[in-house]
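The values are calculated or read from the model by the stated rules, or taken from the named source; none is laboratory data. Owing to the predicted nature of the structure, the values given are computational and were not obtained by experimental measurement. Virtual Cβ from ideal backbone geometry, glycine too; neighbours counted across all protein chains shown. Side chains included, ligands, DNA and RNA excluded: accessible areas come from the protein's heavy atoms. Shrake-Rupley method; radii C 1.70, N 1.55, O 1.52, S 1.80 Å.
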Amino acid sequence: MNNLFKAAFIIAGKDLYSEWKTKQVVTTMLIFAGLVIVTFSFAFDPSNNAVRAIIPGLIWVITIFSAILGLNRSFLSETKNDNLYGMIVSPTDPSSIYLGKVIANFIFVLIVQLVSIPALFILFDFRFMGNFPLFLAVVVLGTFGFISVGTFLAGLSSNSRSSEMLLPILLFPIVSPIIIAAVQATRILLIDIEQIASAISWIQLMGVYNLVFFVLCLVLFEYVLEV
Amino acid sequence: MILRGINLSIKKGETVAILGPNGAGKSTVLKILGGLIKASSGEVKVNGLDLKKDSYDVKRKIGFLAHNSFLYDHLTPLENLKFFGKLYGVENVEERAKQLIDEVGLSFFTHDPVRSFSRGMMQRIAIARAIIHQPEILLFDEPHTGLDQQAIKLLNDVILRMRDEGSTILMVTHDFQQAIETCDRFIIIKNGKIVDDLQNVERNIDTITEKYMEQVSGL
């Protein structure tokens, strides 16, 4: 178990360091997030109260599509010199490779959210009046669920020639429960705080989804590497 | 089915060349031994340890040098070796990495990204990567391909030094000359089967070529 986490942190550290050096993935994700925010802020009048209703959806549009940009790169960057084989022939559990990739992708998306969500609130002149710890929990749980399944499927699709097209096709049906739960919980916490009990139910659903899919992906990743 | 009834036993300290025509299954044997491919049936044992059950312990003993380098283009040799060294649990990994870079003659390029390296320079770092954890078993998949004379000499020196230190070496190659210079035993594979196992033969290119042609002609 110790080796599982140790190797995972080494792999995540390598990915984070690579990103620090190349600045390819997070920059692309941030540019995409910025474009979405600016486009929507010009398309809708921020002074109109009804526009507040699109903010929860926008948060997750930014998260999902920028995350896909990162997920696609996650395993493709390991194919140039068969780098992934270097990890497979080392005494590293396949689950460690998966876990390391999940940690790195999760951090990339959190960085994008950390920049884009405050920017979204500022450009839409939105004053946060809800429950901040719960909002944070929704963002973290929703993102983790999406990334844990996304990383698994990115590994699976990386063996395909058209992996960039294949990933969203495989991903969206499987992650739709967590997207629906995350959008609903975010909507309640941002603009309909009276229904907080309902938001907690959505959060519980996200918790269960994350637990089930994360464990499944962790166990099954060994077979992904065999493809 | 690529391999059919491969039954191979190698003693500690042997240097074995695996020869055979393209598509014979030579690289597949190596990939199964290295844990890159799982065999549909059969077993691989190293010092009594089963590759499937004790893969962590077995893989710690193996150094794998494939046709591709496994190196990250944007990282420097030092960063690449430190990453792989950490995965193998090498102690004083930075020191060991610097020592190996020095040994392969690239200390001047320690901090340059490997994407700017030639095939020969890349292969030297790949050799350093394969031996960073001082493996007991070395698996080489066509290691001499595309190397200049200096890099070939360096690779052969590494192989001979590792052999003298007691490491077991398996090398898939088409280069008979290099096989003769470094190996004691020659296995010929054809159509997924071992068709000849030459031990204690004269290490002479004509002898090996003759034996090889006997087996693979009329393919």
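At-a-glance table
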{"read-out": "Index of the failed condition, residue A:108 passing every other in (1) more than 14 Å from chain B (Cβ to nearest Cβ); (2) in a helix (DSSP H, G or I); (3) open to solvent by 30 Å² or more (accessible area, probe 1.4 Å)", "value": "(3)"}
{"read-out": "Criterion violated by residue A:125 - all others in (1) outside any helix (DSSP H, G or I); (2) within 12 Å of chain B (Cβ to nearest Cβ) satisfied", "value": "(2)"}
{"read-out": "Residue under evaluation residue A:191, criteria (1) more than 18 Å from residue A:70 (Cβ to Cβ); (2) out of contact with any Lys or Arg (no Cβ under 6 Å at 6 or more places or on another chain), criterion not met", "value": "(2)"}
{"read-out": "Selected residue [part of a strand (DSSP E or B), open to solvent by less than 70 Å² (accessible area, probe 1.4 Å) and not aliphatic (A, V, I, L, M)] from B:83, B:64", "value": "B:64"}
{"read-out": "Residue identified as open to solvent by less than 60 Å² (accessible area, probe 1.4 Å) and modelled with pLDDT under 90 among B:199, B:150, B:215", "value": "B:215"}
{"read-out": "Which listed residue is open to solvent by less than 30 Å² (accessible area, probe 1.4 Å), more than 14 Å from chain B (Cβ to nearest Cβ) and over 12 Å from the mean Cα position of the chain (by Cα), from A:116, A:95", "value": "A:116"}
{"read-out": "Subset tally (residues that are among the acidic types (Asp, Glu) and either touching a Cys at 6+ places or on another chain (Cβ under 8 Å) or not in a helix (DSSP H, G or I) (or both)) for the stretch A:13-51", "value": "1"}
{"read-out": "Residue B:17, sole failed condition from (1) open to solvent by less than 10 Å² (accessible area, probe 1.4 Å); (2) part of a helix (DSSP H, G or I)", "value": "(2)"}
{"read-out": "Selection from the stretch B:202-212 of residues that are in contact with a helix residue (DSSP H, G or I) (Cβ under 6 Å, 6 or more places away or on another chain) and either surrounded by 21 or more Cβ atoms within 10 Å (Cβ to Cβ) or touching a residue at least 40 places away in the same chain (Cβ under 8 Å) (or both)", "value": "B:208"}
{"read-out": "Test: residue in the stretch B:130-137 that is open to solvent by 10 Å² or more (accessible area, probe 1.4 Å), facing another protein chain (nearest Cβ under 10 Å), more than 28 Å from residue A:23 (Cα to Cα) and assigned to a loop (DSSP other than H, G, I, E, B)", "value": "yes"}
{"read-out": "Hey, residue A:162 among the hydroxyl-bearing types (Ser, Thr, Tyr) and in contact (Cβ under 8 Å) with a residue 12 or more places away in the chain or not", "value": "no"}
{"read-out": "Top-ranked residue in the stretch A:74-87 [being crowded, with 21+ Cβ neighbours inside 10 Å and in contact (Cβ under 8 Å) with a residue 12 or more places away in the chain; ranked as nearest to the other protein chains (Cβ to nearest Cβ)]", "value": "A:87"}
{"read-out": "Meets criteria (crowded, with 23+ Cβ neighbours inside 10 Å and out of contact with any strand residue (DSSP E or B) (no Cβ under 6 Å at 6 or more places or on another chain)) for residue A:57", "value": "no"}
{"read-out": "Output for the stretch B:151-179, where each listed residue is touching a residue at least 40 places away in the same chain (Cβ under 8 Å) and out of contact with any Asp or Glu (no Cβ under 9 Å at 6 or more places or on another chain)", "value": "B:176, B:179"}
{"read-out": "Unique residue being hydroxyl-bearing (Ser, Thr, Tyr), in a helix (DSSP H, G or I) and within 18 Å of residue A:5 (Cα to Cα) when the list is A:96, A:74", "value": "A:96"}
{"read-out": "Residues located in the stretch B:67-77, provided they are open to solvent by 10 Å² or more (accessible area, probe 1.4 Å) and either among the aromatic types (Phe, Trp, Tyr) or more than 7 Å from chain A (Cβ to nearest Cβ) (or both)", "value": "B:67"}
{"read-out": "Subset of the stretch B:22-52 that is under 13 Å from residue B:62 (Cα atoms) and basic (Lys, Arg) - its residue that is surrounded by the fewest Cβ atoms within 10 Å (Cβ to Cβ)", "value": "B:45"}
{"read-out": "Cross-chain or 6+ apart pairs with Cβ under 6 Å, the stretch A:4-17 first and closer than 15 Å to residue A:88 by Cα and within 8 Å of chain B (Cβ to nearest Cβ), then basic (Lys, Arg) and part of a helix (DSSP H, G or I)", "value": "A:10/B:86"}
{"read-out": "Test: residue in the stretch B:113-128 that is crowded, with 20+ Cβ neighbours inside 10 Å and touching a strand residue (DSSP E or B) at 6+ places or on another chain (Cβ under 7 Å)", "value": "yes"}
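Condition check ((1) open to solvent by 20 Å² or more (accessible area, probe 1.4 Å); (2) in contact with a strand residue (DSSP E or B) (Cβ under 9 Å, 6 or more places away or on another chain); (3) modelled with pLDDT under 95; (4) more than 17 Å from residue A:122 (Cα to Cα)) across all residues:
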residue: A:11; (1), (2), (3), (4): no, no, no, yes
residue: A:17; (1), (2), (3), (4): yes, no, no, yes
residue: A:40; (1), (2), (3), (4): yes, no, yes, no
residue: A:45; (1), (2), (3), (4): yes, no, yes, no
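Matching residues to (1) open to solvent by 30 Å² or more (accessible area, probe 1.4 Å); (2) within 15 Å of the chain's Cα centre (by Cα):
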site	(1), (2)
A:21	yes, no
A:51	no, no
A:64	no, yes
A:69	yes, yes
